[in-house]
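Read through the structure below, which is laid out as structure tokens, and then see the notes.
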Amino acid sequence: LAEQAAREEEEAERLRLKQEQKIAAEKEKKETAEQALRTEQLQSSLHLIDTISKRYVEAGWKQRDEIEWVQYLKCDGLPNPCLCGQMSTYLQLWDETIENTTMEQATSRTSEVLKLLEELTNFVDNPLGASSRKIENWRWICGLFRERQQRSLDIASYRILRDISNKMNNIQLVKADFNIVEEQFTICLWTMVSVPKSYPNPRAPPRPRVEVAFPQLKMNVLLPAIIDCYLLALRTMYVKYDHLSDSCASYHEPEIPDAYSENIYHSTLNEWYSKLIYKYEQYRVIKKAEGVSVPKQEYDREAGIMPQVPYARMPVSPSTHIISEEDVLYGELRQSFITTVEPNVVNLRKHIILGGIFFVELYFQPPQPQLLVSMEMSITRCECEYRAHSGLTPYRFSTGTEVLERGKVSRSLQSSRACARTELHHRR
């Protein structure tokens, strides 16, 4: 009975393994057919996607040509953002006058520059088949425009602070401010006017900390106690655009593996190849443990040559192995996304800038114009016409003979007077 039970158990195990092998073979055959159908469908889908992408690029270029033609007809003096040569010429002309920028000029210039930057950023984000070199040139021009835009606002603010008495509002005896609210930015300046300082009084209580309110920005600034704002100026500025985020180290994401940048067709094909290679390597390991030699087969992913492996029961199925590899790769990718920054730096991997940027800056007060006494002299020539009175006789000029006669008479009178004085002296 024991032997019969053992034989029945062996027969049941043999039938079970045979049935399991049959089911595995059918499953493998089904997976191979599904993979062939999936490959065919994905090729068709990929071809359709490529066709749509080409049409999208063609429509984009056609739209850009229409925009360029409309811009050409406007003749408003603005360059074509797509052409780096025209943008460089615009920058060169701007550099010639940027040092004399006033607040009014900075306001009008900001609208032009932001319009050009919006179009240029659109070109960078949607290159429509442009070369990598052209995209780098666009990014370089974009950086130069952002730098000039910030410099323009800085120079306009400096020119306001350069002449406090005439261009800023005296809110108190020693305080002055300037506020401007525009569509794209808001600038508030606050400073203390330079006045003669009195002798220090050791008995006087310490001065309170400087606190400035900017209602235009709904902001209050409280400075440290060691800063008394003497010969200093405070500028708070809000701009509706963000030209700083993409220049931070934490903004750009790290490079992702090639497996995540492939299209769905190549990704599915590589996954299938990985399963076949894993089955072949595991089959060799199992047969080697059983003492059976397996002939080596050559395989090549690029050429699509894969080894043919019969069924063998494996401790880890190929699908489970592929999923575990993907989990490991995804975990490593997530770790590469994590970055640490300084305590006073915004981590742009966790946060995003919305609604513009605030600037709070403390400047040295620039030298002010001095009023000097003018030492200039001017000579004025006055001319008028002489008119003689009708009741007066006109003046008659003496002739030369009359002048000589008058001279002789004068000399004779002078000599007689001298003789008379001499005689009077002798008598005394």
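Here, each number is a calculation from the coordinates, and none is a lab measurement. Keep in mind it's a predicted model, so treat the numbers as computed, not measured. With ideal geometry, Cβ positions are generated from the backbone for all residues, glycine too; neighbour counts draw on all protein chains shown.
Over the Cα atoms of the chain, what Rg and Dmax result, in angstrom?
When restricted to Cα atoms, the chain yields Rg and Dmax of 48.4, 202 Å.
May I ask for the net charge around Val212, where only other residues with Cβ less than 10 Å from the Cβ of Val212 are counted and Lys, Arg are +1 while Asp, Glu are -1?
Values: positive: Lys175; negative: Asp177, Glu211.
Neighbour charge sum, excluding Val212 itself: -1.
Give me the orientation-averaged projected area of the Cα convex hull of the range 1-75, in nm², one decimal. The partial results should precede the final answer.
On the way: hull surface 29.5 nm².
Mean shadow area of the hull around the Cα atoms is 7.4 nm².
Treating only the Cβ of Lys, Arg, Asp and Glu as charged (+1, +1, -1, -1), what charge dipole size does the chain show about its Cα centre? Round to the nearest 20 debye. Walk me through the numbers on the way to the answer.
Working: 54 positive and 59 negative charges, 791 e Å.
So the magnitude is around 3800 debye.
Return the aspartates and glutamates within reach of Lys167: Cα separation strictly under 15 angstrom, same-chain partners fewer than 8 residues apart disregarded; answer none if there are no such residues.
Reachable aspartates and glutamates: Glu104, Asp177.
Write out the trypsin sites (Lys or Arg not before Pro) in the range 262-301 meeting two conditions: DSSP loop, and at most 10 other Cβ atoms within 10 Å of their Cβ.
Lys296
Among the listed pairs Lys18/Lys275; Lys54/Lys275; Lys54/Lys350, which are separated by more than 32 Å between their Cα atoms?
On the way: Lys18/Lys275 23 Å; Lys54/Lys275 34 Å; Lys54/Lys350 36 Å.
Cα-Cα > 32 Å for Lys54/Lys275; Lys54/Lys350; rest within.
Take every Cα-Cα pair in the range 250-375 and report what % of them are more than 21 Å apart. Don't skip to the end; give the middle numbers.
Numbers: 5226 of 7875 pairs.
Beyond 21 Å sits 66 percent of the P(r) for the range 250-375.
Compute the orientation-averaged projected area for the range 84-162 from the convex hull of its Cα atoms and round it to one decimal in nm². Working shown, then result.
Values: hull surface 20.2 nm².
So the Cα hull casts an average projection of 5.0 nm².
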